[in-house]
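S.K.: My questions all concern the structure below.
The values are calculated or read from the model by the stated rules, or taken from the named source; none is laboratory data. None of these values were measured; they are calculated from a predicted model. So basically every Cβ, Gly included, is an ideal-geometry build from the backbone, and we count neighbours across all protein chains shown. Accessible surface areas use protein heavy atoms only, side chains included; no ligands, DNA or RNA. Shrake-Rupley method; radii C 1.70, N 1.55, O 1.52, S 1.80 Å.
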Amino acid sequence: MLALSPRQPQVLLTGFAPFAGASINPSWQVVLALHGRQVAGHRVVAAQLPTVFGEAVQVLEGLLQRHQPALVIAVGQAGGRAALSLERVAINVDDAPIADNAGARPVDRPVVPGAPAAYFSGLPIKAMLTALQQAGLPAEVSQTAGTFVCNHVFFGLMHALASTPALRHTPGGFIHVPWLPQQGAPHMALDDMVRGLRIAVRCALTVPDGAPPGLAAGATH
């Protein structure tokens with residue numbers, strides 16, 4: 001890890017370890033490429049999360065406590081998607097189509113028992129979408145982050161931001177990236193993913209209409 005100044009505001013980016021027998025995960029490669037970079041006066045910190053239910057959120061919560069970031073974006077792989085997907089909503093359910101890296105395959109289980117049914121992203125996703133498209137990058141707003149470890153982390157992140165007083169006004173959210181060319185089709189070049197994530201981070205830091213984490217419509221405490 002690079003030495004980081006505690007006085008400089010930080011952006012926390014997370015990616016995942018490879019899973020399902022794969023040797024690479026583009027979500028980790030793209031955030032690692034930005035580690036230590038400066039974006040809009042903020043220092044980027046990249047961290048890898050295990051692709052494991054429960055443990056991934058525990059690691060994330062430790063990172064939030066350690067870095068007290070000004071912005072948090074979790075990134076995951078979405079094989080079969082052709083664009084950078086800005087996730088709109090995290091839902092409080094784990095329903096794994098495959099086992100995680102620890103062999104767990106939860107079915108119809110809440111991410112956080114007793115927590116709200118869902119949270120909206122705290123990122124200015126429409127402004128980010130426009131910025132990405134103006135840069136010539138394929139991008140979309142997604143209405144589902146699935147029910148595997150990506151959504152698990154997305155919900156865990158938004159719940160942590162909403163329930164931790166020191167982080168209550170910290171914007172956060174989730175972006176899915178496509179496969180790399182060597183993984184199959186559709187795919188996106190790593191350089192384009194890195195450029196897109198940097199644009200998304202800059203937009204989230206500079207657009208004034210980003211919202212703090214909030215409950216999704218119809219969600220209850």
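S.K.: From Ala56, Ala20, grab the single residue that is at pLDDT below 95 and among the hydrophobic types (A, V, I, L, M, F, W, C).
M.R.: Ala20
S.K.: Is it true that some residue in segment 166-186 is surrounded by fewer than 18 Cβ atoms within 10 Å (Cβ to Cβ), without any contact (Cβ under 8 Å) to a residue 24 or more places away in the chain and not basic (Lys, Arg)?
M.R.: yes
S.K.: Filter segment 66-117 down to the residues that are assigned to a strand (DSSP E or B), open to solvent by less than 10 Å² (accessible area, probe 1.4 Å) and under 30 Å from Leu137 (Cα atoms) and list them by number.
M.R.: Leu71, Val72, Ile73, Ala74, Val75, Gly76, Leu84, Ser85, Leu86, Glu87, Ala90
S.K.: Can you find a residue that is more than 29 Å from Phe53 (Cβ to Cβ), modelled with pLDDT under 95 and either outside any helix (DSSP H, G or I) or touching a Lys or Arg at 6+ places or on another chain (Cβ under 8 Å) (or both) anywhere in segment 186-208?
M.R.: yes
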